[in-house]
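The values are calculated or read from the model by the stated rules, or taken from the named source; none is laboratory data. These numbers come from a predicted model, not from an experiment. Note: ideal-geometry Cβ built from the backbone for every residue, glycine included; neighbour counts use all protein chains shown. Accessible surface areas use protein heavy atoms only, side chains included; no ligands, DNA or RNA. Shrake-Rupley method; radii C 1.70, N 1.55, O 1.52, S 1.80 Å.
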Amino acid sequence: METLSPYIIAGILGWLVSQTAKYAIASVRGRGLAPYRQLYLSGRMPSAHSATVVAVLVVIGYIDGVHSGLFGLALVFSSVVIYDAMMVRRASGEQGVALTALLMEQKSKVPLPRVAMGHTPLEVAVGILLGVLVGIGVCFLTVL
């Protein structure tokens, strides 16, 4: 049986580590176990989007080299995902909070929307750091 590709392992572990950290942080802040849905919700510390794409980017850089076309593609893709998490999704989340407040203030019968928050720059930076560490770990454990 073939083993999983280091690229896939990096992506899966980047997401798992960041989501587990997110759950742990929510549990500490809440002074008790957080609801299990914290394991898959978007937003909050750290950015799972950033950790996942950067973990894969690091593995690609190590295996294929930073001058490869694949690394270039992964770098652009990572940049778009990180920008989206920090700017676009963050702005739409803030608009969702404002809309929810307005609907509640007006006692509207319109159902309240689910508000998905994006990430602050710090949450993205921590996600990137986690992604780098996971990517390096995957390289050491699977490639060396």
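So the values come out like this:
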| read-out | value |
| --- | --- |
| Residues located in region 100-120, provided they are more than 25 Å from the chain's Cα centre (by Cα) and either open to solvent by 50 Å² or more (accessible area, probe 1.4 Å) or not hydroxyl-bearing (Ser, Thr, Tyr) (or both) | ALA101, LEU102, LEU103, MET104, GLU105, GLN106, LYS107, LYS109, VAL110, PRO111, LEU112 |
| Any chance LEU141 is surrounded by 14 or more Cβ atoms within 10 Å (Cβ to Cβ) and closer than 23 Å to ALA21 by Cα | no |
| Verdict on TYR83 being at pLDDT below 80, open to solvent by 60 Å² or more (accessible area, probe 1.4 Å) and among the hydroxyl-bearing types (Ser, Thr, Tyr) | no |
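Matching residues to (1) modelled with pLDDT of 95 or more; (2) part of a helix (DSSP H, G or I); (3) surrounded by 12 or more Cβ atoms within 10 Å (Cβ to Cβ); (4) not acidic (Asp, Glu):
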position	(1), (2), (3), (4)
ALA26	no, yes, yes, yes
LEU33	no, no, no, yes
GLY43	no, no, yes, yes
VAL54	yes, yes, yes, yes
LEU57	yes, yes, yes, yes
ILE63	yes, yes, yes, yes
GLY72	yes, yes, yes, yes
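Here's the yes/no breakdown for (1) under 20 Å from the mean Cα position of the chain (by Cα); (2) closer than 15 Å to GLY131 by Cα:
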| site | (1), (2) |
| --- | --- |
| TYR7 | yes, yes |
| TRP15 | yes, yes |
| SER47 | yes, yes |
| VAL56 | yes, yes |
| SER68 | no, no |
| LEU73 | yes, no |
| TYR83 | yes, no |
| VAL97 | no, no |
